[in-house]
1. Name the residue that is least open to solvent (accessible area, probe 1.4 Å), counting only residues in region 89-99 that are more than 13 Å from the ligand (Cβ to nearest atom) and touching a residue at least 12 places away in the same chain (Cβ under 8 Å).
2. Would you kindly identify the strands (runs of 3 or more DSSP E) lying entirely within region 164-268 that contain at least 2 residues that are within 16 Å of the ligand (Cβ to nearest atom) and β-branched (V, I, T)?
3. Would region 352-362 turn up any residue that is within 16 Å of the ligand (Cβ to nearest atom) and either assigned to a loop (DSSP other than H, G, I, E, B) or not hydroxyl-bearing (S, T, Y) (or both)?
4. I'd like to verify a number: residues in region 21-79 that are open to solvent by less than 10 Å² (accessible area, probe 1.4 Å), in a strand (DSSP E or B), over 27 Å from P9 (Cβ atoms) and of a type in the set (V, I, T), how many?
5. Take region 291-325 and flag every residue that is buried (at least 20 other Cβ atoms within 10 Å of the Cβ), more than 15 Å from the ligand (Cβ to nearest atom) and part of a helix (DSSP H, G or I).
6. Does region 364-381 hold any residues that are farther than 21 Å from I398 by Cα and surrounded by fewer than 24 Cβ atoms within 10 Å (Cβ to Cβ), and which are they?
7. Would you mind telling me which numbered condition in (1) in contact with a helix residue (DSSP H, G or I) (Cβ under 6 Å, 6 or more places away or on another chain); (2) more than 19 Å from R415 (Cβ to Cβ) V180 fails?
8. Look through A60, A86, A80 and report the one residue that is away from the ligand (no atom under 15 Å from the Cβ) and touching a Phe, Trp or Tyr at 6+ places or on another chain (Cβ under 7 Å).
Amino acid sequence: MSERIRFEPGRPTVLRGGTVLPMDDGRRVLTDTDVLVVGDRIAAVGPGLPVPDGTAEIDATDGIVMPGMIDTHRHMWQTAMRGYGADWTLTQYFVWYYLEHGRLFRPEDVHAGNVLAAIEAIDAGVTTVVDWSHGLQTVDHADAAVDALRSVPGRFVLAYGNIQRAPAEWSAAPEFRDFVRRRITGDDMLGFQLAFDVTGDPSFPEKPAFEVARELGVGVTTHAGVWGATGDDGIRLMHDHGFMTAETVYVHAASLSADSYHRIAATGGSISVSTESEQSAGQGYPPTWAVRAHGIPVSLSMDTSVWWSGDLFSAMRTTLGADRSREHMEAHAKGDTVTHCGLRAEQVVDWATRGGARALGRDGELGTLEAGRKADIVLIKNERSPVSFPLLNPYGHIAFQAQRGDVHTVLVNGRVVKHEHRLLGVDLAAARRQVEQTVEYLRTTMGEETWQQGMNPDVPETTLLDNPYTYTDYHSDSTHTRRESE
Ligand SMILES: [Zn+2]
C-alpha cells in the first residue's frame with residue numbers, strides 16, 4: 001500500500017494511467033489515460049496530463065476508471081432490516097411493511113436505515129441514489145431522512161412517499177409543503193421527486209398528487225407493472241390525464257402490455273429495472289428483453305436491502321442474465337437458437353451510469369467522464385484479487401467479474417470519499433450503533449415470536465413427482481452389469 005495521500009478540500013486530484021470508460025457518445029475505451037479533477041468537476045481526460053502543483057495523485061494502473069453508478073430506486077430506510085426478508089415474496093413484503101409493521105418505524109429508524117444505505121452506496125461506487133422513501137409517515141420522518149442523506153458525502157434524490165396515507169392526502173398537507181420549502185433547496189447534492197403508486201382505480205384518486213408534482217416542477221417515480229398491484233390501467237389513467245412526462249420513472253415496468261410500453265416510449269419516460277427484485281419477489285419477468293424493442297430508456301436499481309445488497313454490480317449481472325435467459329427461452333420455444341446475444345455488457349454498464357443520469361434529467365452533468373462534467377468517479381482496482389487480471393474486456397469485466405470489494409477509489413462531486421478500499425469521512429461505527437438500536441427496538445416491540453415468523457415464512461409443501469424409473473428394482477435387474485459383478 002502506498003503512503004497515504006492527504007485529500008484536502010480544494011486540492012485537485014488526478015487518477016493516473018487507468019483504463020478509462022468515458023461512457024460518452026464515442027463509446028471509447030481509453031487505455032493508459034488520466035482523469036484530472038479540479039473542484040467539483042472533471043477538468044481533463046487524456047494521456048499524460050499536466051496537473052496543477054500540489055495535485056493528489058492516485059495510481060489507476062491496472063484499474064478501470066468509470067463514472068459513478070446511479071441507482072434510481074432504493075428504499076433506503078429498509079436497510080436497517082438488511083437481509084431479513086431474504087425468503088419473502090412481494091406479498092409477504094407488503095404485509096410486513098404496508099399492513100403490519102411499517103408503522104413501527106420512528107424517525108430515528110428511518111435515519112438509521114438511510115445512513116447505512118448511504119454509506120453502503122458510496123462504498124460500492126454508487127455515487128447517486130434515489131431514496132424511494134415511502135416510509136415518511138410524518139414530516140419528522142422526512143426530516144430524519146434528509147438529515148441522514150446530508151450526513152453522508154454521496155449524491156441523493158429524496159423521492160418523497162408515504163405508504164400509510166393516500167398520495168392525494170399527504171401531498172396536500174401544509175406540513176408537506178413547508179417541508180419542501182425548508183429542506184429542498186435546489187442544491188446539486190439533493191434532488192427531489194414524488195414517489196407514489198397508481199392503483200388503476202377508475203376514479204384516478206392519485207390525480208391531485210400528480211398536480212402537486214407538476215406545480216412543484218418535480219418528476220414522479222411510480223411502481224408500475226407490478227403483478228397483482230399496478231398495471232396497464234394505471235398507465236392508461238396517467239396517459240389519459242396527461243401526467244406521463246419525460247421526468248416520469250416507471251419502476252419495474254414488468255407485467256405490462258405492449259400498449260403501455262408504447263405510451264411510455266411516446267411520452268419520453270424511462271424504466272427503472274430492479275432485476276434481482278423482479279426475479280425473487282414476483283413483479284413480473286425482468287422486462288429489458290421486451291422494452292429494448294420499444295426504445296425506452298433504462299436505468300438500474302436494486303430496490304431494497306431487506307433482500308439484496310445495495311451494489312449495482314449484481315444489478316448489471318442479473319440484468320444481463322435475465323435478458324439473455326429470456327431471449328434463449330423465447331427462441332427455443334420456436335425451435336430456434338440464439339447465436340448472437342442482443343444485450344451486451346456495455347449496455348448494462350451504460351444503464352448503470354448514464355441511464356440513471358438520463359432518468360434523473362441530469363445527463364448533461366452526471367453519468368459520463370468528460371471535461372466539464374461533475375466529478376463522480378469510480379476506480380475499480382484490486383491488486384490482491386486474482387479476478388483483477390487479465391483486463392481484456394472492461395465492460396465485461398465490470399458486469400461479470402467485478403464486485404463491490406474491487407471498488408478502490410470513489411469521488412463524489414470532486415471529493416474523495418473512498419480510497420484504497422477505505423471509506424473517508426464516514427463514521428461506520430456510529431451507523432452500526434444506530435442500526436443496532438433500531439433492530440433492538442423493532443424486535444422487542446414486535447415480540448420474539450413475531451420477529452422470527454416474519455423472517456422465516458412458511459415453506460410451501462413440495463410434492464415429489466412420480467418417477468417411472470423407480471417402479472421396478474433397478475439393482476435386481478439381472479442384465480445390469482454392475483449387479484452381475486457384485
Ligand atoms: Zn420498490
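The values are calculated or read from the model by the stated rules, or taken from the named source; none is laboratory data. Note that this is a predicted model, so its numbers are computed, not measured. When we count neighbours, we look across all protein chains shown, and the Cβ atoms used for this are built from the backbone with ideal geometry, even at glycine. The accessibility values were calculated without ligands, DNA or RNA, using every heavy atom of the protein model including side chains. Shrake-Rupley method; radii C 1.70, N 1.55, O 1.52, S 1.80 Å.
1. Selected residue: W96.
2. Working: elements: 190-195, 219-224, 249-252.
In region 164-268, the matching strands (runs of 3 or more DSSP E) lie at 219-224, 249-252.
3. The answer is yes; a qualifying residue exists.
4. Residues flagged as open to solvent by less than 10 Å² (accessible area, probe 1.4 Å), in a strand (DSSP E or B), over 27 Å from P9 (Cβ atoms) and of a type in the set (V, I, T) within region 21-79 amount to 1.
5. V291, L312, F313, M316, R317, T318, T319, L320, A322, D323
6. Correct list: G364, E365, A371, G372, R373.
7. (1) is the only condition that V180 fails.
8. A86
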